[in-house]
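Below: one structure, written as structure tokens.
Just so you know, all these numbers are worked out from the coordinates, no wet-lab data involved. Since this is a predicted model, take the numbers as computed values, not measurements. Counting neighbours? That spans all protein chains shown, and the Cβs are built from the backbone with ideal geometry, glycine included.
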Amino acid sequence: MSLRIRTVAPPGTARLRQLILESLPNLIGNEAQALPSAGSLPADTLVAIDSAQRLWVVSFSAEDAGAALLGGLAARREMRALLPWLRQVGLISGMVTDCTLLILTPTLPAGAIELCRKGDLEWRQMRFLEVNGEIGILTEPCESPPTTAARPQPAELK
């Protein structure tokens, strides 16, 4: 049996959400589970918990990386405010004190690498593949570009 693999255009928002839900174990770890929607989260976000009891806000967009970032930041702020309620109803354990933001977009905007380095967030670049007729997501982490050797600076004369 041969594999036919090709890149495809991003799916619609509903299909993309379903693909991300199906890929949660690959994105944030085995035994990851999506939590029910709570509050008024942006449409392109979801909340999940991994096997280590870390809470994740996953924000995604196939078209607009800026909207994914802004929606994710708003969703993380709302989830932080809802943490006591989530503990009270038993959706998360008492060990959960914060949440991590994961942003998924096909392109990385300028400054994404610096945001990942400085902030409590992860950014992954999505690619959409069709393997024997089935669409899937390939994600690559946001990494620093290779650094070049620093050029020596001329010494100051005093």
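The table below lists the values:
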{"read-out": "Computed log₁₀ I(q)/I(0) - Debye formula, equal Cα scatterers, no solvent, the chain, q 0.10, 0.13, 0.17, 0.19 Å⁻¹", "value": "-0.43, -0.65, -1.00, -1.20"}
{"read-out": "Unit charges at the beta carbon, dipole of the chain: most positive-side option, ALA52, PRO10, THR97", "value": "THR97"}
{"read-out": "Estimated FRET transfer efficiency when R0 is 25 angstrom, pair VAL131-THR13 (beta carbons, to 0.05)", "value": "0.70"}
{"read-out": "Helix-only [θ]222 nm of the chain, DSSP H runs n ≥ 4, -39500 (n - 2.57) each, per residue, nearest 500", "value": "-10000 deg cm²/dmol"}
{"read-out": "Beta bridge orientation in the chain: antiparallel %, DSSP, nearest 5", "value": "60"}
{"read-out": "From phi via Karplus (6.51, -1.76, 1.60), per-residue ³J(HN,Hα) for the stretch 98-111 in Hz, x at Gly/Pro", "value": "7, 9, 9, 9, 10, 10, 10, 9, x, 10, 9, x, 4, x"}
{"read-out": "Distant-in-sequence amide H partners of ILE92 (H built 1.01 Å from N, under 5 Å)", "value": "ARG87"}
{"read-out": "Ranked by how many other beta carbons lie within 10 Å on average, peptides 63-69, 81-87, 4-10 from highest", "value": "63-69, 81-87, 4-10"}
{"read-out": "Förster radius 35 Å - calculated FRET efficiency between ARG4 and ARG80, Cβ distance, rounded to 0.05", "value": "0.20"}
